[in-house]
Structure formats: C-alpha cells, structure tokens
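Asks: To start, I am sharing the structure in question, which I have written as structure tokens.
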Amino acid sequence: MFNNRTKIKELLQSDKTDYDVIVMGWVRSFRNNQFIAMNDGSTNNNLQVVAELGKFDETTLRKITTGASIKVAGSIISSLGKGQKVELKAKTIEILGESDADKFPLQPKKHSLEFLREIAHLRFRTNTFGSIFRIRHSLAFAVHKFFNDKGFVYLHTPIITASDAEGAGETFHVTSFDLENPPKNDDGSVNFKEDFFGKATNLTVSGQLEGELGAMGFGEVYTFGPTFRAENSNTTRHLAEFWMIEPEMAFSDLDDNANLAEEFIKYIIGYVLDNNKDDLEFLASRLLEEEKQKPLQERSEMGLLEKLQFVINNNFERLTYTEAIDILRESNHNKKKKFQYIIDKWGVDLQSEHERYLVEKHFKKPVILTNYPKEIKAFYMRSNDDGKTVAAMDILAPGIGEIVGGSQREERLDKLTERMKEMNIPVEELSWYLDTRRFGTVPHAGFGLGFERLVLFVTGMTNIRDVIPFPRTPKSAEF
Ligand code: 4AD
Ligand code: MG
C-alpha cells in the first residue's frame, strides 16, 4: 500500500505533538534551504516542513522546488516559528515528482485570474482556486443533503433529449452523422430519421420537463446536472455548459415554490459558513484586497462573511414584476437615463442592469420577483387570472442578478395546449409531457438554480469562468 499518509488539514487541526506521520503533497515554496511550505489540497494552510541543515544530501535539496511532489516522514513538533502551531520535522524526504522551477508556471507570488484561466489545468494548486473548489464541493454536498433530508428523490434526467425545454432555440445538436455528407430528404433538408436516435436530438437545456414527470409519481424530486446553452452571451455570468439544480414539487403553488427556494439558498449558504470557515475567510480577505483597488463609492458595504450572514438572517424581499417596473420607472436612475435600456412601459424584459439596481441599490438584499408578463416567459408557466401575467418567479442576488428562475406550472390541459399552440411549441412531440396533465394532474411548481451563479455569490468571485473547473464559453473549450 502506497497511501499511508495523514492529510495536512487533520494535522493542523490538532495541538497534539510528538508523534510520527507520513505526509505527501506539493512544494509551494522552499526557503533558506530548510523550510518547505507543503500543501496537499485538503486546506489552504500549508504545513511547514523543517529539513534540518546538514541532514539531507544536496541532490535531494536541489529537487525541492515549487511544484515538486514529495513524501515526508517525520515527527510533528510544536512550532517555534510564527503562523503555525505545529510543524513537521523531517526524518526522510522522498521526491515523488520533480518540477523544473524555470518551467513551472506557478511561482510563489500572486498571479492574475486571467493568467490562471489560461493555465486552468494547474490552477487547482493555488490558494484561491483551492478555496473556490472546496467550497463548490461543499455546496454540492449541501444541495444533496438539503433535498435528501426533505425526502426529495434525486432524479437523473437525460443529457441528450429531443426537446428544447425552454423553447428558446439555444440548443447544441447531437448527431452521429458525417457532417460533410449527411443523408438528405428530397427537399434538401437533413434526414434525421437516419440519424442515431431516428430524430433530431440536442443537449438538454433544462431537466425540468422530465422532472415534472418524476414529480407526478414521487411527489417531490430534484435534478442536479449539467445543462447546455448555445446562447452567444460572452459575459461574466454565462456559460455554455453549467450545472443546474431543479426541484419539482407536486401539490405546490408559487408561494410554496418561493418558500422552498429561499429556505434552500439559506441552508446551503449556512452549510458552508459552518463547514468552510478557513476557505471563506481566505476569500474574504482576498476580496478586501481587491476592493482596495476600487474607488471608495464602488466598494461593497459588507465583507464576504458579513454578506453571507446577512442573507441567511434576513427575509428576501418579495414583490411582483408590476411593482418592480413601477420602482424602476420612478427611479432617478431611469429619469437621468443612467440605464442603457430605459424602462418606459410595462411588459419589457428586465435587463441585468435593472435587476442589479433593484437588489443592490433599492432593496440591498435578495429579491424574489413574481408574476411576469406571459410574453417574456416560457410556455409551461401557469396563467394568472388577469390573462396578462404568469405565475413565474425569479430570484435576484446582489452582485449577480438572476440566480433562480422558476414558476408554478400550468396544470390545466386545455390552457397548456392552447398556450403551446400560441407559442409554436410542438404539441404532438410533447405528447408525453401532456400525459401528466391528462392523467391525475395536480398543481405543481419548481425552479432552477444556476449552480455557478450561486458559487459566484458565495465565493465573492466576479467571473463565472473562475468558479467552474473547466469553463466552456463561446470560442473556448480548453482542457
Ligand atoms: O431561468 P432558466 O432558463 O430556467 C429554467 O431553465 C427552468 N427550466 C428552471 C426550472 O424551473 N426548473 O435557468 C435557471 C437558472 C437561471 O436563473 C440562472 O441562474 C442559470 O440557470 N442560468 C445560467 N447559468 C450560467 N450560464 C448560463 N448560460 C445560464 N442560463 C441560465
Ligand atoms: Mg430565467
């Protein structure tokens, strides 16, 4: 057995001294030919390894370079130096993998996020990305824990589908055709009947429609998987491949939906506050440094931890789209034409500048906006009695904008088919979906939370490419 190591996190958590351990990890720095800062990914805190002068041969010492992997056996002693309670006094040091210091791109200094994005395959070895992805892991774990504890069934919805759940036409095609020479129909169009699945297929944009099928049997389900959108939005908030959490609940209306979403967000943020203190504190101080570069009026009023505490301790603001439009229309920002898109009438879609104005300037807290005009929302949302709006719900977060999109679903077969026809959604092809309404339909609701947008919010990062291990964006699918 090779792996008889103790993880650094465990060693640093305890005050215990005078016992022997084996530790393996990567060298972050080596100073005075004596002190190795060693990291194994379990925590941002490095273990100080002391290689007593004169005890180790020159060849070994020369190979202790930034990025090299080493195995150290020795004893844990209390540290004389500042910054750590214990350190490892090395008895033996074995070089597992050398790293040419002149060629290794990561040096013991601060690198820009842009540079690290170019070497995303190595950025897991930095403190910032160590913290981000350990937090991402914890958030994912908390998602499952939250729903499991509530008795939701985790339903694996398909990645390859034949439907465009959102009806937005932003799908990636899936085909096994030779693209140079696909079979054609008489009219020259591609004959998908001959394709692998016997029809045109695409990568899923949302697991919702399948989630609804599950909810009609299990009562409450959730999905948590990758979703794909070929929207050409090159922003700091959009990915072509992102992860979405989509609960779907039978016997629920819009209020139940909003209550669950708020409870859910607070729970998972609380979970990382309880379990990822070191990583959050690291990112909080990182953010503080960044903020110092900004002019005073642009700095955030709260630190990262304060902001997260605030979110879990305060109610989200709830209001309707109509109320939001009134606030925006009457705002000085609008009157002074500071918005790129001026709000002049009811019915317009909100841009992220408007969403951010509401959460950051007006309410200064997360906002749940409900009952949007039906024209700007998807076909499956339940019509309200006013004939103009649907039982939609978006949650907007400070610094992010839309983080959740959801709705009560149209459970009435006649109303749903009518709306599908109006919006040119293929009723025949979605016959399986309509079966939920034909046989034992019930009021039901659900939402989708963009996982990366949540990770952005929790880590205080500002570019979505920095909170997913391998970002896929327009013109970029590296690694
Ligand atoms: O608002 P959306 O499009 O809603 C749905 O897909 C519904 N079917 C969800 C449901 O009711 N089950 O997307 C949901 C969330 C957004 O609020 C946003 O957080 C995130 O997914 N999202 C993206 N995140 C990153 N990159 C993109 N391109 C995103 N598009 C949506
Ligand atoms: Mg949306």
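Asks: I'm trying to understand the selection: among the residues of the stretch 139-177, which are surrounded by fewer than 19 Cβ atoms within 10 Å (Cβ to Cβ), outside any loop (DSSP other than H, G, I, E, B) and either of a type in the set (A, V, I, L, M) or more than 16 Å from ligand 1 (Cβ to nearest atom) (or both)?
Replies: Of everything in the stretch 139-177, those that are surrounded by fewer than 19 Cβ atoms within 10 Å (Cβ to Cβ), outside any loop (DSSP other than H, G, I, E, B) and either of a type in the set (A, V, I, L, M) or more than 16 Å from ligand 1 (Cβ to nearest atom) (or both) turn out to be ALA140, PHE141, HIS144, LYS145, ASN148, ASP149, VAL153, ILE160, HIS173, VAL174.
Asks: Considering only residues that are under 18 Å from GLY399 (Cα atoms), more than 30 Å from the chain's Cα centre (by Cα) and modelled with pLDDT of 95 or more, which ones fall in the stretch 313-360?
Replies: none
Asks: Which one is farthest from GLY440 (Cα to Cα), of the residues in the stretch 190-210 that are within 16 Å of ligand 2 (Cβ to nearest atom) and in a helix (DSSP H, G or I)?
Replies: So the residue we want is GLN208.
Asks: Let me ask another. Among the residues of the stretch 220-232, is there at least one that is loosely packed, with under 12 Cβ neighbours inside 10 Å and in a strand (DSSP E or B)?
Replies: Looking for residues that are loosely packed, with under 12 Cβ neighbours inside 10 Å and in a strand (DSSP E or B), one finds none in the stretch 220-232, hence no.
Asks: Taking GLY303, is it of a type in the set (Gly, Ala, Ser) and modelled with pLDDT of 95 or more?
Replies: Judged against the criteria, GLY303 is not a match.
Asks: Moving on to the next point. Based on this model, can you work out whether GLY54 counts as assigned to a loop (DSSP other than H, G, I, E, B), within 28 Å of LYS277 (Cα to Cα) and either out of contact with any strand residue (DSSP E or B) (no Cβ under 6 Å at 6 or more places or on another chain) or among the basic types (Lys, Arg) (or both)?
Replies: no
Asks: Here's another thing I want to ask about it. Could you tell me whether any residue of the stretch 408-429 is among the hydroxyl-bearing types (Ser, Thr, Tyr) and either at pLDDT below 95 or within 16 Å of ligand 2 (Cβ to nearest atom) (or both)?
Replies: No: zero hits.
Asks: Something else: Going through the stretch 381-396 one residue at a time, which ones are touching a residue at least 24 places away in the same chain (Cβ under 8 Å) and away from ligand 2 (no atom under 13 Å from the Cβ)?
Replies: ARG382, SER383, THR389, ALA391 - these are the residues of the stretch 381-396 that are touching a residue at least 24 places away in the same chain (Cβ under 8 Å) and away from ligand 2 (no atom under 13 Å from the Cβ).
Asks: I'd like the full set of residues that are over 28 Å from HIS238 (Cβ atoms) and either within 16 Å of ligand 1 (Cβ to nearest atom) or surrounded by 16 or more Cβ atoms within 10 Å (Cβ to Cβ) (or both), limited to the stretch 385-442.
Replies: GLU411, LEU416, THR417, LEU434, THR436, ARG437, THR441
Asks: Which condition breaks for ASP349 when tested against (1) in contact with a helix residue (DSSP H, G or I) (Cβ under 6 Å, 6 or more places away or on another chain); (2) under 17 Å from ALA324 (Cα atoms); (3) away from ligand 2 (no atom under 13 Å from the Cβ)?
Replies: (3)
Asks: Tally up the residues in the stretch 15-54 that are farther than 29 Å from PHE129 by Cβ and free of Cβ contacts under 8 Å to residues at least 12 places away in the same chain, please.
Replies: So the answer is 1.
Asks: Which residues, taken from the stretch 317-345, are under 25 Å from GLY406 (Cβ atoms), free of Cβ contacts under 8 Å to residues at least 40 places away in the same chain and acidic (Asp, Glu)?
Replies: GLU323, ASP326
Asks: Something else now. Would you mention how many residues in the stretch 339-372 are charged (D, E, K, R) and surrounded by 14 or more Cβ atoms within 10 Å (Cβ to Cβ)?
Replies: Final tally of qualifying residues: 6.
Asks: If you don't mind, another one. Under 8 Å by Cβ, and 6 or more places apart or on different chains, what pairs join a residue from the stretch 178-203 that is surrounded by 10 or more Cβ atoms within 10 Å (Cβ to Cβ) with one that is assigned to a helix (DSSP H, G or I)?
Replies: Final answer for the pair search is PRO183/GLU194; GLY198/PHE192; LYS199/PHE192; LYS199/LYS193; ALA200/PHE192.
Asks: State all residues of the stretch 233-247 that are out of contact with any Lys or Arg (no Cβ under 8 Å at 6 or more places or on another chain) and not in a loop (DSSP other than H, G, I, E, B); if no residue qualifies, say none.
Replies: Within the stretch 233-247, TRP243, MET244, ILE245, GLU246, PRO247 qualify.
Asks: Yes or no: ILE70 under 36 Å from the mean Cα position of the chain (by Cα), more than 19 Å from ASN463 (Cβ to Cβ) and of a type in the set (Val, Ile, Thr)?
Replies: yes
Asks: State whether the residues of the stretch 452-472 include one that is more than 10 Å from ligand 1 (Cβ to nearest atom) and over 30 Å from ILE119 (Cα atoms).
Replies: Scanning the stretch 452-472 turns up no residue that is more than 10 Å from ligand 1 (Cβ to nearest atom) and over 30 Å from ILE119 (Cα atoms).
Asks: Does the stretch 451-463 contain at least one residue that is assigned to a strand (DSSP E or B), touching a strand residue (DSSP E or B) at 6+ places or on another chain (Cβ under 7 Å) and touching a residue at least 40 places away in the same chain (Cβ under 8 Å)?
Replies: So far as the stretch 451-463 goes, no, none of its residues is assigned to a strand (DSSP E or B), touching a strand residue (DSSP E or B) at 6+ places or on another chain (Cβ under 7 Å) and touching a residue at least 40 places away in the same chain (Cβ under 8 Å).
The values are calculated or read from the model by the stated rules, or taken from the named source; none is laboratory data. Keep in mind the model is a prediction, meaning the values are calculated, not measured. Don't worry about glycine lacking a Cβ; one is built from the backbone with ideal geometry, like all the others, and counts go over all protein chains shown.
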